[in-house]
1. Mind listing which chymotrypsin sites (Phe, Trp or Tyr not before Pro) in the stretch 29-116 are in a DSSP loop and have 11 or fewer other Cβ atoms within 10 Å?
2. Give me the percent of accessible area attributable to carbon and sulfur for the chain, probe 1.4 angstrom.
3. Are there any trypsin sites (Lys or Arg not before Pro) in the stretch 20-90 that are in a DSSP loop and have at most 13 other Cβ atoms within 10 Å? List them by number.
4. Within 10 Å, at most 16 other Cβ atoms, and a DSSP state outside H, G, I, E, B define an exposed site. Report the longest part of the chain free of exposed GluC sites (Glu not before Pro).
5. Could you check the simple spin-label distance between ASP155 and ARG73, using points 7 Å along Cα→Cβ, in nm with one decimal?
6. Sum up the charges of everything whose Cβ sits under 14 Å from the Cβ of LEU38, counting Lys and Arg as +1 and Asp and Glu as -1, but leave LEU38 out.
7. Determine the sum of side-chain charges near LEU160: Lys and Arg each +1, Asp and Glu each -1, restricted to other residues whose C-beta is under 12 angstrom from that of LEU160.
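The values are calculated or read from the model by the stated rules, or taken from the named source; none is laboratory data. Since the structure is predicted, the reported quantities are computational estimates derived from the model, not experimental observations. Neighbour counts are summed over all protein chains in view; Cβ atoms, including those assigned to glycine, are modelled from backbone coordinates with ideal geometry. Each accessible area value is taken on the protein alone, full model and side chains, heavy atoms only, with ligands, DNA and RNA left out. Shrake-Rupley method; radii C 1.70, N 1.55, O 1.52, S 1.80 Å.
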Amino acid sequence: MPKISAATVAEHRAARRRALLDAALELLAEAPEHAPGLGEVAARAGLARSSAYNYFRSRDDLLRAVVVDMFPRWNARVVAAMDKVSDPGERVLAYIDVNLQLVAEGEHAIVGALATFTPQSFTDESMLAMHDDLVLPLVDALRESGAADPELSADLISALLHKGTEMIESGRGFEEVRAAVRSALATASR
């Protein structure tokens, strides 16, 4: 029996799986145009290539797990930022700011790369539901602010965020894009 580096076998397995996911994220952040193989990921995590197969059946299985891991972390960052303010209008702005910040940090580029490498991961029902969950805090803030149709407003804000994402990923600065998005919303709300 191999030596474990945790109090229980379950904790040991969870730590190794986490190390593989973190290693895959690091490799994707360094080179989003390259889908890392299990061997590369295992080496980055300090494990033998064969060990990676104890946790993931294939590279696609690993990349899908990275996608599943990223959505809740992204959502937690959004919710945490929104929870820092109580005014519904400020919560909408916090939603925009943190999403653009995540894009500026490179998180969206990783998601985009994963969508290219494992498009099937983004079409199954659970992935679509996770993506929809990312918009719920915005819909709630819009509802609280008295928006007549919070879902429609959220769709329009999402379109503005999408354009802001494109701009940041094309080289525009976070602060410039953030200010432009806020200005567009302020102008539209007058």
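1. On the way: sites: TYR53, TYR55, PHE56, TRP74, TYR95; in loops: TYR53, TYR55, PHE56.
Filter output for the stretch 29-116: empty list.
2. Details: 5720 of 10370 Å².
Its accessible area is 55 percent carbon and sulfur atoms.
3. Working: sites: ARG44, ARG49, ARG57, ARG59, ARG64, ARG73, ARG77, LYS84; in loops: ARG57, LYS84.
Of the trypsin sites (Lys or Arg not before Pro), the ones in loops of the stretch 20-90 whose Cβ has at most 13 other Cβ atoms within 10 Å are ARG57, LYS84.
4. Numbers: sites that count: GLU33, GLU105.
After excluding every exposed loop site, the longest remaining stretch is 106-190.
5. It works out to 3.2 nm between the two label points.
6. Numbers: positive: ARG16, ARG17, ARG44, ARG49, ARG57, ARG59, ARG64; negative: GLU40, ASP60, ASP61.
Net of charged neighbours comes to +4.
7. Details: positive: LYS163, ARG178, ARG182; negative: ASP155, GLU166.
Every neighbour counted, the sum reads +1.
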